[in-house]
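**Q** Here it is, the structure, as structure tokens.
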Amino acid sequence: EKYMEFDLNNQGEIDLMSVKRMMEKLGAPKTHLELKKMISEVTGGVSETISYQDFVNVMLGKRSAVLKLVMMFEGKANESNPKPSGPPPERDIASLP
């Protein structure tokens, strides 16, 4: 699901702009040079896009810190912590910690 989410052009590969969007979503924007280096490390310098197989290898490999961060961030973003609506309940001195 995460792979398909970042495959913006629906062609079965994550390109430079998709990685850029992912990093911006994490709050860690990168320059194009940094992004190219990241993609090169994932693909072994063979391709300018990340295939599904490369994605799986990175997720299961030792160097999966960035993608684990993505998954953690996405998990927290999907948690539903509804805020109570309306004014806060009235408290008296005895209810204070």
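**Q** Across the range 38-58, what is the total count of residues that are surrounded by fewer than 14 Cβ atoms within 10 Å (Cβ to Cβ) and in contact with a helix residue (DSSP H, G or I) (Cβ under 7 Å, 6 or more places away or on another chain)?
**A** So the count comes out to 2.
**Q** Identify the residue in the range 16-37 that is surrounded by fewer than 16 Cβ atoms within 10 Å (Cβ to Cβ) and among the aliphatic types (A, V, I, L, M) and, among all such residues, is nearest to Lys2 (Cα to Cα).
**A** Leu26
**Q** Ok, one more. Just wondering, is there one or more residues in the range 74-84 that are among the hydrophobic types (A, V, I, L, M, F, W, C), under 21 Å from Glu5 (Cα atoms) and either open to solvent by 90 Å² or more (accessible area, probe 1.4 Å) or modelled with pLDDT of 80 or more (or both)?
**A** No, the range 74-84 contains no residue that is among the hydrophobic types (A, V, I, L, M, F, W, C), under 21 Å from Glu5 (Cα atoms) and either open to solvent by 90 Å² or more (accessible area, probe 1.4 Å) or modelled with pLDDT of 80 or more (or both).
The values are calculated or read from the model by the stated rules, or taken from the named source; none is laboratory data. The shown structure was predicted, so the numbers you read here are calculated from the model rather than taken from an experiment. Positions of Cβ are backbone-derived with ideal geometry, glycine not excepted, and every protein chain shown enters the neighbour counts. All accessible areas refer to the heavy atoms of the entire protein, side chains included, with ligands and DNA or RNA removed. Shrake-Rupley method; radii C 1.70, N 1.55, O 1.52, S 1.80 Å.
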